[in-house]
Amino acid sequence: EPVLAVILDIDGTLVDSCASDAELYADAIRHVLGQVRIRDAWELYPRVTDTGILADVCRDNCLEYDEGLSLSVMDEFVARLSANMAANGPYPAVPGALRFVQTAVQRPDVRVAYATGGWRASAKLKLLGAGFPLDGIPLASANDHHDRKHIMLHALGQLEGPFTSVTYFGDGVWDREATAALGWEFVPVGPKLGGLMDFSSL
C-alpha cells in the first residue's frame, strides 16, 4: 500500500496572511530592538524563517542574538497578531485549502504535517482562526530550527513512514529551493510562483 507524505507551508499557502503579517513582524522586531535596519525584502535573507531572519537582523545591526531576545520578539509579535485578528477578524483560508486538508487527513494512504517558517504560537493562531484541524497533525516551526529545510525534515520525521513520495506545498521562492534541495515533490501555491490559486482544482 503506497503511503504519501503531504507537508504544508502555512502563510500564503493555506492562510492568506502575508501582507499584514510581514508588517507586524517588522514592528515587533523594532519594538524590542529599536530602530534597526531590516532588509528590503524577506528573500534577501538566507534563512526566511522568523528565527533565521531575526538572527540576521541582529548580525546586520551588530547586536547579540540569543534565545531570550527571540522569545521577546515572538511574544511581541504574537500579541500584535492577536490584536490584529481581534480587530479585523482571522486571516481567511486560501480557497479550497480547508477542504483539501480535511480530506487528506481522512485518507488512509496520506500522512499530513504542517511546516512553517513562522513561530509555533503564531502558526496555531492562524490555523485555528481559519478553521484548520490541529489535533494529531504535526506542526514544525521556526521554534524547532532557523533553517527551512530542517523545519521540513522535522515535520516529516514526526510522520509514520516509509513513504512512496513526499510533497511540499509552498508559496515562496525559498519553499521551492528548500524542496528541490531535499529532492521532494513541490506544488507551488499562489501568484508569486504562478501556482495554484484554488486547492479545489486538485
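The values are calculated or read from the model by the stated rules, or taken from the named source; none is laboratory data. Quick caveat: nothing in here was measured; it's all calculated off a predicted structure. Glycine also receives a Cβ, built like all others from the backbone with ideal geometry; neighbour counts cover every protein chain displayed. Areas reflect the complete protein model, heavy atoms only, side chains present, ligands, DNA and RNA absent. Shrake-Rupley method; radii C 1.70, N 1.55, O 1.52, S 1.80 Å.
Of note:
- The requirement of being open to solvent by less than 20 Å² (accessible area, probe 1.4 Å), outside any helix (DSSP H, G or I), of a type in the set (Gly, Ala, Ser) and out of contact with any His (no Cβ under 7 Å at 6 or more places or on another chain) is fulfilled nowhere in segment 20-29; no residue meets it.
- The single residue among His150, His154 that is without any contact (Cβ under 8 Å) to a residue 40 or more places away in the chain and touching an Asp or Glu at 6+ places or on another chain (Cβ under 7 Å) turns out to be His154.
- With respect to the conditions (1) over 17 Å from Val15 (Cα atoms); (2) open to solvent by 10 Å² or more (accessible area, probe 1.4 Å); (3) in a helix (DSSP H, G or I); (4) not small (Gly, Ala, Ser), Arg111 falls short on a single one, namely (3).
- Any hit, segment 117-131, residues being at pLDDT 95 or above, of a type outside the set (A, V, I, L, M) and surrounded by fewer than 16 Cβ atoms within 10 Å (Cβ to Cβ): yes
- Considering segment 57-96, and only residues there that are open to solvent by less than 40 Å² (accessible area, probe 1.4 Å) and assigned to a loop (DSSP other than H, G, I, E, B), the residue that is nearest to Cys18 (Cα to Cα) turns out to be Tyr91.
- Of all the residues in segment 116-139, those that are closer than 19 Å to Thr51 by Cα and in contact with a Leu (Cβ under 7 Å, 6 or more places away or on another chain) number 5.
- For Ala178, the conditions (1) closer than 19 Å to Ala22 by Cα; (2) surrounded by 20 or more Cβ atoms within 10 Å (Cβ to Cβ) all hold with the exception of (1).
- Of the numbered criteria (1) of a type outside the set (Lys, Arg); (2) in contact (Cβ under 8 Å) with a residue 60 or more places away in the chain; (3) at positive phi, the one Gly136 fails is (2).
- Considering residues of segment 30-56 that are touching a residue at least 12 places away in the same chain (Cβ under 8 Å) and open to solvent by 80 Å² or more (accessible area, probe 1.4 Å) only, the residue nearest to Val78 (Cα to Cα): His31
- Residue in segment 150-171 that is in contact with a helix residue (DSSP H, G or I) (Cβ under 8 Å, 6 or more places away or on another chain), open to solvent by 20 Å² or more (accessible area, probe 1.4 Å), at pLDDT below 95 and not in a loop (DSSP other than H, G, I, E, B) present: no
- Residues in segment 181-202 that are surrounded by 14 or more Cβ atoms within 10 Å (Cβ to Cβ), among the aliphatic types (A, V, I, L, M) and closer than 18 Å to Leu153 by Cα: Leu182, Val187.
- Subset of segment 3-28 (residues that are in contact with a helix residue (DSSP H, G or I) (Cβ under 8 Å, 6 or more places away or on another chain) and free of Cβ contacts under 8 Å to residues at least 40 places away in the same chain): Ala22
- Residues located in segment 174-198, provided they are assigned to a helix (DSSP H, G or I) and closer than 25 Å to Arg99 by Cα: Asp175, Arg176, Thr179, Pro191, Lys192, Leu193
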